[in-house]
1. Go through region 116-137 and report how many residues are of a type outside the set (Val, Ile, Thr) and either in contact (Cβ under 8 Å) with a residue 40 or more places away in the chain or surrounded by 17 or more Cβ atoms within 10 Å (Cβ to Cβ) (or both).
2. For region 78-166, give me every one of the helices (runs of 4 or more DSSP H) that falls completely inside it and has 2 or more residues that are touching an Asp or Glu at 6+ places or on another chain (Cβ under 9 Å).
3. Sort out which residues of region 65-78 are surrounded by fewer than 18 Cβ atoms within 10 Å (Cβ to Cβ) and closer than 24 Å to Leu143 by Cβ, and write them in order of number.
4. Which of the residues that make up region 13-36 are closer than 21 Å to Ala50 by Cα and assigned to a loop (DSSP other than H, G, I, E, B)?
5. For residues in region 167-182 being assigned to a strand (DSSP E or B) and touching a Cys at 6+ places or on another chain (Cβ under 8 Å), which is farthest from His31 (Cα to Cα)?
6. Any idea how many residues of region 37-77 are touching a residue at least 12 places away in the same chain (Cβ under 8 Å), charged (D, E, K, R) and either farther than 20 Å from Asp147 by Cα or part of a loop (DSSP other than H, G, I, E, B) (or both)?
Amino acid sequence: MKTPDQYYEASTCYFSKPGSNATERVLECVHKRARELNIKDVLIASVTGATALKAREILGPDVRIIVVTHVTGFEKPNQQEMPLEVHEKLRSMGVNVLTTQHAFGGVGRSIRKQLGAYQVDEIIAFTLRTFGHGTKVAIELALMAADAGLIRTDQDVISVGGTERGVDTALVLQPANSADFLRLKVREIICKPSRF
């Protein structure tokens, strides 16, 4: 007979398709699981800030939210996709906003664009996308936030990513710095699309 310390059960929510239609449900699932596991840090992918504002509303003041947005110049040179007024509003609400280079798409992406040669970081990104785009994003956020010193690598967090707009994936994970990527551990899948 198995004892309770040998396993535990947790529910996972699967969405029939990826994208923003899942955002509110993802954040509700994250709120519930964060309370159950007493996790205080939640990473949220948000380009324009809309998902970040919704996260603050649903997750409440007891959760420390770290928003990770696209690097300036991601879509067009010298352009930041999150409007300054949204960035300032989030900061006034106690939300950290991290704007930094993608862990799986920095210099390697430049080499691919210019020379047509894939680098290790983009190969890792393509591999992680076999679980869905949001899974790749959620793992990448944890590396970026750890590198910025916004989360600890010895404490689990919940990381929330998506496919294009909104969020559709949430993972409980132990973060790692980019230089120690293989030490990152995905503990649980809270939700993700089943078809993508």
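1. Quick first cut of region 116-137, residues of a type outside the set (Val, Ile, Thr) only: 116-119, 121-122, 125-126, 128-129, 131-134, 136.
Within this subset, residues satisfying the condition of being either in contact (Cβ under 8 Å) with a residue 40 or more places away in the chain or surrounded by 17 or more Cβ atoms within 10 Å (Cβ to Cβ) (or both) are 119, 121-122, 125, 128, 131-134, 136.
So the count comes out to 10.
2. Values: elements: 84-92, 107-115, 120-128, 133-147.
Qualifying helices (runs of 4 or more DSSP H): 107-115, 120-128, 133-147.
3. Val71, Thr72, Gly73, Phe74, Glu75
4. Within region 13-36, Lys17, Pro18, Gly19 meet the criteria.
5. This residue is Thr169.
6. 4
One line per residue, one yes/no per condition, for (1) among the β-branched types (Val, Ile, Thr); (2) closer than 17 Å to Gly161 by Cα:
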residue	(1), (2)
Phe15	no, yes
Arg25	no, yes
Val30	yes, yes
Gly60	no, no
Gly94	no, no
Gln101	no, yes
Val107	yes, no
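Any read-out appearing in this document is the output of simple, stated calculations on the displayed coordinates, not a laboratory observation. Computed from a prediction, not measured in an experiment: that's the story for all the values here. Cβ atoms come from the backbone with ideal geometry, glycine included; neighbour counts cover every protein chain shown.
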